[in-house]
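Remarks on the structure that follows.
The values are calculated or read from the model by the stated rules, or taken from the named source; none is laboratory data. What you are looking at is a predicted structure, and each value in this text was computed from that prediction instead of being measured. We place every Cβ from the backbone using ideal geometry, glycine too, and count neighbours over all the protein chains shown. All accessible areas refer to the heavy atoms of the entire protein, side chains included, with ligands and DNA or RNA removed. Shrake-Rupley method; radii C 1.70, N 1.55, O 1.52, S 1.80 Å.
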Protein chains: 2
Amino acid sequence: MSGPATPSIERSDPDIQSMAHAIRFLAVDAIREAGEGHQGVPLGMAEIAATLFARHLKADPQNPLWPDRDRLVLSNGHGSMLLYALLHLAGYDEISLDQIKAFRKLGSLCAGHPEIEQHAGIEITTGLLGQGIACAVGMAVAEARLAAEFGSECVDHRTWAFVGDGCLQEGMGQEAISLAGHLRLGKLAFLWDDNRITDDGDTLLAISEDIPARFRAANWQVIEVDGHDIAALDAAMDQARQDPRPSLIACRTVIAKGIARLQGQRGGHSAPLTDADVADMRRDLGWNHPAFDIPRSVYDDYDTVMTRGRTEHALWKARLASDPGRAEFDRWHSFGLPSDWSNVLADLPHHFANAPGPKGTINASGAVCDALDQVLPELLVLCADLEAPTGHKRSRAGFGVQNRAGSYVHCGVREHLMGAMACGIAAHGGLRPINVTYLAFADYERAAMRMAALMKLPALFVFSHDSIGVGSNGPTHQPVETLAAYRAMPNMRVFRPADVTETAEAWQIALEHLKGPTMLALSRQDAPPVCPARSENLSRLGGYLLREPDEQRDITLIATGTEVALALQASETLKAEGINAAVVSLPCWELFEDQSADYRNAVLGQVPRIGIEAALRFGWDRYLRPEDAFVGMPGFGASAKAEVLFDHFGITDTAICNAARDLLQKH
Amino acid sequence: MSGPATPSIERSDPDIQSMAHAIRFLAVDAIREAGEGHQGVPLGMAEIAATLFARHLKADPQNPLWPDRDRLVLSNGHGSMLLYALLHLAGYDEISLDQIKAFRKLGSLCAGHPEIEQHAGIEITTGLLGQGIACAVGMAVAEARLAAEFGSECVDHRTWAFVGDGCLQEGMGQEAISLAGHLRLGKLAFLWDDNRITDDGDTLLAISEDIPARFRAANWQVIEVDGHDIAALDAAMDQARQDPRPSLIACRTVIAKGIARLQGQRGGHSAPLTDADVADMRRDLGWNHPAFDIPRSVYDDYDTVMTRGRTEHALWKARLASDPGRAEFDRWHSFGLPSDWSNVLADLPHHFANAPGPKGTINASGAVCDALDQVLPELLVLCADLEAPTGHKRSRAGFGVQNRAGSYVHCGVREHLMGAMACGIAAHGGLRPINVTYLAFADYERAAMRMAALMKLPALFVFSHDSIGVGSNGPTHQPVETLAAYRAMPNMRVFRPADVTETAEAWQIALEHLKGPTMLALSRQDAPPVCPARSENLSRLGGYLLREPDEQRDITLIATGTEVALALQASETLKAEGINAAVVSLPCWELFEDQSADYRNAVLGQVPRIGIEAALRFGWDRYLRPEDAFVGMPGFGASAKAEVLFDHFGITDTAICNAARDLLQKH
């Protein structure tokens, strides 16, 4: 439970209806000024939003980054003016009237859809339907885990999500509902804008299910309420705060309420507004203030209600100051790494090589994750029903209703949700999300991973079964184009480590990298150690000479992942024939691109080159010239044992040697 | 309703329990032989499968491609041995004992997961959870639409899907449930293997919702039954066939039933089997037959029950033979195009240019789609709540409960389902699915589109809002890496047409292409006509010289989509400066790669080159050498009007000219 309301709220009686109307008019004025935008949500949810801020949300606009603030997610992100209007009115200084007047213009904080700017009160980027509520589940999990660690004196806040019909039609919405109910995330509430209109028109065009029943089936509390009745909304939010289950407040609303021509209509969603619409709305609602002119009394009312949050913040600060866990709390919340944290990784390659068990790079990653459990307890591992084949649980306890301290979340077969949860957890702060599944399933969470990249969140996505090394599960389960598809994504670092050493190095780089997500593509099949023991993290270079020939280089073999071992074998064979092959390991293209052109040219060499990767050539032309060769996949894979497939598709040391001889003959 | 049971089924009383046990033993023998596999499903669903074949499924194994057969989808595809055993026993000759003995081996029809081979009875590729049931919704829609067209004399069959817990945890599963209930697809039934075990162990680790209640909320009939009680299963399937709603038959089962050591356990899913397991199972179930040795009586029972399907097939053939719609029925089902079908496209560019309304290539695509409505009534358009901004409905009627003849399916905000439905519709046959949404949402349906590519299905994916041309909706809605991510996908043709002419050409090529999917990336913003009127479809070449300079070429400008117009403008400016620029339009890289190296080299020219695309450079290095230039996006987009963004990111004719001058200076 959040703390009790402070006396100040009793003293004055804010005019919540006017607070709501102020949202309405700021929204339509901004949309009219921009010439486009989505008025449906801010007009339909104005009372909901005003009531939430007036009575329930715990926030201190002067300290928007306060870790124990309630989190507010606008999952129906197209209604962004609702959020900007609210933030402005509530006193988030960065959302000035000038910013609002620049709604949807280049450089404005008030972008078409909310884009994460937490210093301004925008908690998370939304706009792709479903992502917001799935992120909200991640935030609520983070809160529960942190509360278990630091106690409710330091961590006790809620996550509120504004939700549209679209979010609840998206499959990931159901994944969110199902897991939130299962995990009994009682501090999570969805405020559903049940306006029965989508872009196409009446929701009945495409949906006729009983949505509240679906929530109830997933163990949510469901409260149905008139979304324009402030007292009823207030009571519903109270009820949500009392219940140990997550709550759906199903708010029956009228889309675009206030604009006579559009309200309750399909056009209410985002049809262009006219001057007459806005003038009529001023008349109908008795709002006698010019555009962008909000009466002082409304600002005062917002200021008054925000006193509750300011007071709570002050009390919290005092509690934290005397809390024995303060230093660790601060470290977690600044994503700081303890000094010497990476020492546990120093001997790991040696131990891993000598320990029993499978030796894929996914297993190496599991060993790293396990070694870090004690050193970095802020890691929160999420896995989509693949505990055994990915091996990242080990000593970790499961996070659940009975154990909020667990650091391993069984997400079920819900990859898309898991991807968005990672965004929500990272955006929440305090914890470092580590997602684990197969690389073939990366497509399921791609939209969420793109959000992590767009938001530059420090999330780590660990993928196993990264190639035809999957074996007999066949082409559905064999990524061949997935590496390229993610290398194409801005801000996403893609690592494909060659062995345990590079796997540990990739983890280190990923955890030190706070300005964007990282993904690891790891092997199911054994990856023999190829890197000599070394004290320097060479993976930081993205690519480096793993083996330099004693004599002048004739050819360069450039490989990633398990194919680095093949390249080394081939170089041995070629050496016996008098061909001097350099072997380059290229675990991370993005980091390699960050190096100087001179370094890159020196590594790749001005000699014939062969790219080697059990994947498609697409993208490799960055490093291969038309006259160079590629040893990899020609298309989708097949069902057979891994070793049969590598042979079948010609990804072998023999094939590399043949390609090398061919190239040098032509040269 | 399917036709009545024929008398033959009454004559003999098949031993369905033995028919089920035969599945069990074929499955475990094959898995033991392969050394790996998933026994949980075939052992747990043996009675369900045997009962379905014995009493309900309409199929004729000697004519596996019979268009009016029931469709059977194994959505829990890891249980593939269930399907192979069934098909073998039922008399699908291609699934021989030798094929089963080669389970999970290279080249076997019995791959790790089912891979579409309809001539052998494998209806569709499955294995990625959720895809199968979503495809099944597409199949059921196809059946209903075709029945409305050709009458129930010619089209009257059911879709049965075997479903695991994972399929129902995936969000796309809920999308499927929701839309199937909404569309009242009464001929669709899910047979849920409710074994309460997933790979991680007890389903309670990750789910505690009331799944039947979720189906009921979506207007399904739910029948709960003991999944090993043949009489009860038979009655439940009867009940499913009687009800106008889609039906969930929730079958309470014991995973791996029959193997004492594993049944009901986590290890039942796929733990390696031992010889002792198999020997104990033979003893416990009283099955005194060697491995792969199925008693004649079981084969006979299967043969007997399949008589029902054979008879129905014969009756159907007779009905179709005398049906006036036969020729059209055959044409639709062979994906044949009427002669001269493309004539309607000849004048379309002219008409489109002169008609009022917006002039984006998405609008051109809408005009094409509309023009084809009468010519190719087998087109079925699916759209995810973006009717107005994509404009592909026009004169089409909505497909719904009241109008099964509609050729436009309002899919709601459910892109992943929509992608899989396209697979299901194309795999079903008879209809050509056209999916329509924004390119930014392609990530949501990527896993399904990959299935279309893997299966080489003739589906068309139309995407609008293909770049920063989206404008103020901002970076969430602006694809910058999506073209590259799909160009990386095998078997997927990616078109980015420059104008209405190339859009119509792309449609023509896509509809003529039966061996794989096609996607179109189309503009929201106006795309002025750049192609002169022409009778030859030059887009077939993938890339071609749109403007050749009069004098010797100095530089080549290579562009796609709306950037072709910019390249043309730049070439004019450069010409005035005495620089001879050739302009290449490159609408489809995959088709360009199919041309000879000589042709490609001639088009691209051995002069400096500039690639121009409002997207990232990733992938372009195939056509650009390190010394060449690229005018495009540096990363994610921003929120502002389209014209502001093109200017801001330097994707203008001026920028192209500057790049050209720079290149030529260096040269």
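Below, the figures for the structure above:
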quantity	calculated
Listing of the range B:383-400 residues, each with accessible area lower by at least 30 Å² in the full protein assembly than in the chain alone (probe 1.4 Å)	B:D385, B:E387
Inter-label distance, nm, simple model (7 Å from Cα along the C-beta direction), B:D293/B:R534	6.9
Inter-label distance, nm, simple model (7 Å from Cα along the C-beta direction), A:S322/B:R241	7.6
Farthest positive-ward along chain A dipole, Cα basis, beta-carbon charges - from A:Y444, A:L285, A:P324	A:P324
Peptide A:120-130 - average C-beta neighbours from other chains (10 Å radius)	3
Expected-Rg normalisation [2.2 N^0.38 Å, Cα atoms] applied to the protein assembly as shown	0.91
Buried solvent-accessible surface, both chains (A, B), 1.4 Å probe, Å² to nearest 100	8000
Å² of accessible area per residue within the range B:541-666, as computed with a 1.4 Å probe and no ligands counted	38
Estimated FRET transfer efficiency (A:D598, B:A597; beta-carbon r; R0 45 Å; 0.05)	0.90
Percent RCO, i.e. relative contact order, over chain A, from Cα pairs under 8 Å lying at least 6 residues apart	12
Minimum 50 Å² accessible area buried by the other protein chains, the range A:156-171 residues, probe 1.4 Å, relative to alone	A:Q169, A:E170
Distance between the range B:477-538 and the range B:32-98 - C-alpha centres, whole angstrom	39
Förster-model FRET efficiency, 22 Å R0, A:D300 and A:E94, C-beta, rounded to 0.05	0.60
In degrees, nearest ten, helix A:415-428 long axis to first principal axis of chain A (Cα)	70
Whole-Å semi-axes of chain A's equivalent ellipsoid (Cα gyration tensor)	51, 26, 22
Rounded FRET efficiency, nearest 0.05, which uses the C-beta distance separating B:S152 from B:T307 and R0 of 22 Å	0.50
Most to least packed among A:139-152, B:53-66, A:425-438 [average Cβ atoms within 10 Å]	A:425-438, A:139-152, B:53-66
Separation of alpha-carbon centers, the range A:196-258 and the range B:428-459, rounded to whole Å	33
C-alpha long axis of helix B:230-242 to longest principal axis of chain B, angle in °	50
Relative contact order, percent, the range A:14-162 [alpha-carbon distance under 8 Å, six or more residues apart]	26
Accessible area, probe 1.4 Å, largest first, for residues A:R241, A:R622	A:R622, A:R241
Within the range A:541-666, percent of DSSP bridges classed antiparallel, to nearest 5	20
Within the range B:491-517: backbone nitrogen closer than 13 Å to the B:Q118 label point (7 Å, Cα to C-beta)	B:514-516
Interface residues in the range A:418-456 - accessible area drops by 50 Å² or more relative to the isolated chain, probe 1.4 Å	A:D443, A:Y444, A:R446, A:R450, A:L454
Pairwise centroid distance, computed over Cα atoms, of the range B:376-407 with the range B:611-666, Å	37
Simple Cβ-charge dipole of the range A:12-319, Lys/Arg +1 and Asp/Glu -1, about Cα centre, in debye nearest 20	360
Cα-based helix-to-principal-axis angle, B:446-455 vs chain B, degrees rounded to 10	80
Residue of chain B nearest the B-to-A rotation axis [by Cβ], rounded angstrom distance	B:G171, 1
Under the Debye formula (equal points on every Cα, no solvent term), log10 I(q)/I(0) of the range A:64-141 at q = 0.14 Å⁻¹	-0.41
Chain A: calculated mean residue ellipticity at 222 nm from DSSP helix runs of at least 4, using -39500 (n - 2.57)	-12000 deg cm²/dmol
Cα shape, the range A:341-521, gyration tensor, a/c 1.5 rule	rounded
Burial order of peptide ranges B:126-135, A:120-129 (average beta-carbon count within 10 Å, highest first)	B:126-135, A:120-129
Dipole magnitude of the range B:343-521, debye to nearest 20 (Cβ charges: Lys/Arg +1, Asp/Glu -1, about Cα centre)	380
Accessible carbon and sulfur surface of chain A relative to its total accessible area, %, 1.4 Å	49
Gained length - B:R196 relative to B:N580, 0.36 nm times residue gap less alpha-carbon distance	131.3 nm
Candidate residues A:R261, B:R331: accessible-area rank, largest first, probe 1.4 Å	A:R261, B:R331
Relative contact order (percent, whole number), the range A:564-654, Cα cutoff 8 Å, 6+ residue spacing	25
